[in-house]
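The values are calculated or read from the model by the stated rules, or taken from the named source; none is laboratory data. Source: prediction; values computed, not measured. Ideal geometry is used to build each Cβ from the backbone, glycine not excepted, and the neighbour counts take in all protein chains shown. What goes into the accessible areas is simple: the full protein's heavy atoms, side chains included, and nothing from ligands, DNA or RNA. Shrake-Rupley method; radii C 1.70, N 1.55, O 1.52, S 1.80 Å.
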Amino acid sequence: MTGQLRHMLRDDDVNHEEQKQILELGMRFRENRFYSRPFEGPQAVAVLFDKPSTRTRSSFSIGVAELGGYPLVIDKSSSQLGRGEPVADTARVLTHMAYGIVWRTFGQERVEEMAKYATCPVVNALTDQFHPCQILADFLTIAQFRGGVDALKGKTIAYVGDAANNMSNSYLLGGAVAGMHVRVAGPYGYLPDPAIVSDAERIAAENGGSILVTTDAKEAVKDADCVFTDTWVSMGEEAEYAIRSKPFWDYQVNDELMALAKPDALFQHCLPAYRGKEVTASVIDGKQSVVWDEAENRLHAQKALLTWLVAQQRGDSSLLGDVA
């Protein structure tokens, strides 16, 4: 079988059936954390961090090890990338040694440059524009609680808050790929890039889903199956919290807003969360919240993604087990 080098740089780098296969694989890893071990050797996977991290660092480090590999964790301060080495040069070096590259960085163009010169799969572990690994974990969480991967298509998800950030972009694209009805709500000035909305609308139409972008949080949440939010202030902007948070108070996920969703609606947050700001303690610590399962599912979804990418590159469907 001929292999094909694939990357996961944004959520629409996979199609509907491929996303389903990755999520089904994630369910297998939930059931058995050692379901597949494609990096036996151990083979190294470079995990690069230009930004601080708890969940991404933990889940990829543990995940690569459980896949039989060696997680080579490199911080910005301890790499030549942090001193200005060209991304292309780093890519050429790492792909002579590692079997995969995972990067949590700033501009999307950085992971795209890495992928251009890499000869192994490159995974976007978060950029300013997209967070595809988080979306896979979030959808895996819905599948876990609401009937499996096949039940995702047709579900209605609502994201409220800063709708111009990477999470909003990824919900739009990832939800469209899944065939979901995606609703995104944020204040004027904090709405998603029209180009991303256009891409999401096209993909949603192909998969039986739909896209709604609105400034009305209640419109977005009404009868939703799952409600998502994120911090109102991005990493590095904490000093501006008082000023930046002002437009978002009408988008706080509280008991009143959650009451508009379906009675059994799930609440998710990619974390870290600020209780009393983007979400109240009564919601995030309440019976509808599945944020801790969501955080755990970063591990299972990312192991599934890495395994799927490696299987494509090697042309070895046996790595996917009964999901192939």
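Here are the numbers for the structure shown:
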item	result
Options (1) 32, 28, 15; (2) 38, 21, 18; (3) 31, 22, 18 - which one matches semi-axes √(5λ) of the Cα gyration tensor in Å as calculated here	(3)
Hydrodynamic radius by Kirkwood, which averages 1/r over all alpha carbon pairs of the stretch 105-234, in angstrom	15.0
Positive-end extreme of charge dipole, the chain - chosen from ILE243, THR229, ASN297 (charges on Cβ)	ASN297
Reachable lysines from LYS222, criterion Cα separation under 23 angstrom, eight or more residues apart if same chain	LYS153, LYS155, LYS262, LYS277, LYS287
The stretch 39-153 shape via C-alpha gyration tensor axes, a/c threshold 1.5	prolate
The stretch 43-101 pair-distance distribution - Cα-Cα, 5 Å bins, rounded %	4, 19, 27, 25, 18, 6, 1
Partners for LYS303 among aspartates and glutamates (Cα-Cα distance below 14 Å; same-chain residues under 8 apart left out)	GLU24, GLU31, GLU40, GLU66
Computed over the stretch 166-324, the ratio Rg/Rh where both radii use C-alpha atoms and Rh is Kirkwood	1.01
GLU85 accessible area, 1.4 Å probe, all protein chains in place, Å² to nearest 10	70
Quotient of Cα Rg and 2.2 N^0.38 Å for the stretch 1-47, N being how many residues it contains	1.36
Rounded to the nearest 20 debye, dipole of the stretch 248-324 from Cβ charges on Lys, Arg, Asp, Glu	240
Heavy atoms of TRP292: accessible area, 1.4 Å probe, square angstrom to 10	150
Selection from GLN108, TYR35, GLN288 lying farthest towards where the dipole of the chain points positive, charges on Cβ	TYR35
Solvent accessible area, Å² - HIS181, 1.4 Å probe, full protein context	60
